[in-house]
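Contents: one structure, followed by commentary.
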Amino acid sequence: MEWPSEPSDVQPLLRKTISDAHKISKAAAELRSLLTAYAHQFHEPRPVMSDLAKAQDATRQSIPRRYNQAMVDAIRELLSDEPNTAIIRHALTSLTRTDLERVHGAVGEIARRENAGEVEKPTLSASTREPVDRQIRGVALRKRQVPEL
């Protein structure tokens, strides 16, 4: 790396570095939200809430506020045999379509097919932010048993 000759030469690199740091921070917050929602809503046996809170330097009462319904919906889709990638990307905005291709199982397979143009990419209704295909088909999502890792 060559040191810039004038202070203004650093500005583009500085902006890029700050932008990258922001993206990393946002992705980390989304990951914490995803894991908290999974532990609180899906994992069996349920973890002790005080332990989950302590791991996040939070109170037991604040755990449900660490995630939202969009994150719960995204987890259901991640666990689904027929996932809707629009719902996943709505909650996990730091993920790209290419990132989803790298996810194991049905999510990765659907994302690869969508990106290759083999199937239509799902969208969300702009007015309600509810998935269009869920409004049309009335898809009922179910809680799936997930083996412990």
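Every number here is computed from the coordinates shown, using simple stated rules; none is lab data. Small disclaimer: the values here were computed from a predicted structure and weren't measured. Cβ sites come from the backbone with ideal geometry, for glycine too, and all protein chains shown count toward neighbours.
When a footprinting reagent is the concern and you count Cβ atoms within 10 Å, what order do Val103, Val119 take, fewest first?
On the way: Val103 18, Val119 11.
Starting with the residue having the fewest Cβ neighbours, the order is Val119, Val103.
5 Å is the cut-off here: which amide hydrogens, built 1.01 Å from N in the peptide plane, fall below it relative to Val103, excluding neighbours closer than 5 in sequence?
Gly108
Is region 11-107 best put as rounded, prolate or oblate by its Cα gyration tensor, with a ≥ b ≥ c the root eigenvalues, rounded for a/c under 1.5, and otherwise prolate when a/b is larger than b/c, oblate when not?
Details: a/c = 2.64, a/b = 1.20, b/c = 2.19.
Taking the square roots of the gyration eigenvalues as a ≥ b ≥ c, region 11-107 is oblate.
Which of His104, His43, His22 comes first, and how do the rest follow, when ranked by fewest Cβ neighbours within 10 Å? Could you put the intermediate results ahead of the total?
Working: His104 7, His43 15, His22 10.
Ordered from fewest to most neighbouring Cβ atoms within 10 Å, His104, His43, His22 come out as His104, His22, His43.
Working out 0.36 nm times the residue gap between Asn115 and Arg65, then minus their Cα-Cα distance, what length gain in nm do you get to one decimal? Provide the component values of the computation, followed by the final result.
Working: separation 50, 0.36 × 50 = 18.00 nm, distance 3.38 nm.
Here the answer is 14.6 nm.
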